[in-house]
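The structure appears right after this line, and notes come after that.
Bear in mind these aren't lab numbers, they're just calculated from the coordinates by the rules spelled out. It should be emphasised that the depicted structure is a prediction, and the values quoted were computed from it without experimental measurement. Neighbour counts run over all protein chains shown; Cβ positions are idealised from the backbone, glycine included.
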Amino acid sequence: MFKTYFKLAYRNILKDKAYSFLNIAGLAIGLAVSILILLWVQNETSYDKFHSNANQLYRINTGFGNTKYAANSAGMPAALKAEIPAVKNTVRIGGTDGDLFAIGTKKFQETKVFYVDPSFLDMFSYPLVKGDRATALSRIDNVLLTQETATKYFGKEDPIGKILRKDDSENVVVTGVQYPRQFRPAVQRSPSFGLPRQIKRRSEKQRLGQLQLLQLYPTRQNLRPYKRKYFKAGKANVSNIPAP
């Protein structure tokens, strides 16, 4: 029976080739566009979904008139945590235009370097191949590397405990190695390096330019009095709170 159907379809295609071509081409283009739209929607909704506490994480946005962006002064998270009991944890993430890292004769100018608070690994579930996530960012001279970056500098050697020279001025110790990039984070440039913010002392003098996130308690306890004032559509709007 199916053989007969195929024969009839084939004959109809040959009978009117132009009409058949238009139908088949339209169907193919429609399917291709639908698949692309589906992939785009899936990609856009996949930010940070792999974190175990993704539903508790909020980004702080700043607004000036009609302009809004995800950058704030350094003291903003601490001010929110002190005022809102529902805030469980905070983290600040700052980037650079580039830093020079070296070991021996190997030197690389790295552009995907981020400076974060020690709470970074408490709030985010980025898995580590090597290292202890509880202490990986506890010291001012610690640094996290992606597996790809660790291989670039150390080859097949164990990078934990190895020293890198940063900007020809200070040493940093490798304390953790992350899995290769396999998730889509909200931080657009997936970092090759992660260092404690304290090592970038000049960042404490910067007023703006840092991505900041809050982690709320699961019960959103005591959040109701602050919800209308600070939170809108699932994102924190804290432009009314002055940084200390």
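Place a label point 7 angstrom from the Cα of Glu157 along the Cα-to-Cβ direction, then list the residues of the stretch 121-150 whose backbone nitrogen is under 11 Å away.
Answer for this model: none.
Run the simple label-point estimate for Asp168 and Asn55 please: 7 Å along Cα→C-beta, distance reported in nm.
The modelled label-to-label distance comes out at 5.3 nm.
In what sequence do Phe2, Phe114 fall when counting other Cβ within 10 Å, fewest first?
Ranking Phe2, Phe114 by Cβ neighbours within 10 Å, fewest first, gives Phe2, Phe114.
Measuring from label point to label point, each 7 Å out along Cα→Cβ, what is the Tyr179 to Lys17 span in nm?
It is 5.2 nm.
How much length would be gained if the chain were fully extended between Asn43 and Lys81, taking 0.36 nm per residue of separation minus their Cα-Cα distance, in nm to one decimal?
10.5 nm
Which entries in the list Lys49/Lys166; Lys68/Lys152; Lys68/Lys107; Lys68/Lys88; Lys107/Lys156; Lys49/Lys112 go over 28 Å, if you measure between the two C-alpha atoms of each?
Beyond 28 Å: Lys49/Lys166; Lys68/Lys152; Lys68/Lys107.
Using a Förster radius of 25 Å, what is the FRET efficiency between Ala32 and Ala9 based on their Cβ-Cβ separation? Nearest 0.05, please.
0.70
Mean separation of Cα pairs under 8 Å and 6+ residues apart, divided by the residue count of the stretch 1-88: what relative contact order is that in percent?
10
Points 7 angstrom from Cα along the Cβ direction at Val129 and Glu110: gap in nanometres?
Taking the simple label geometry, Val129 and Glu110 are separated by 1.4 nm.
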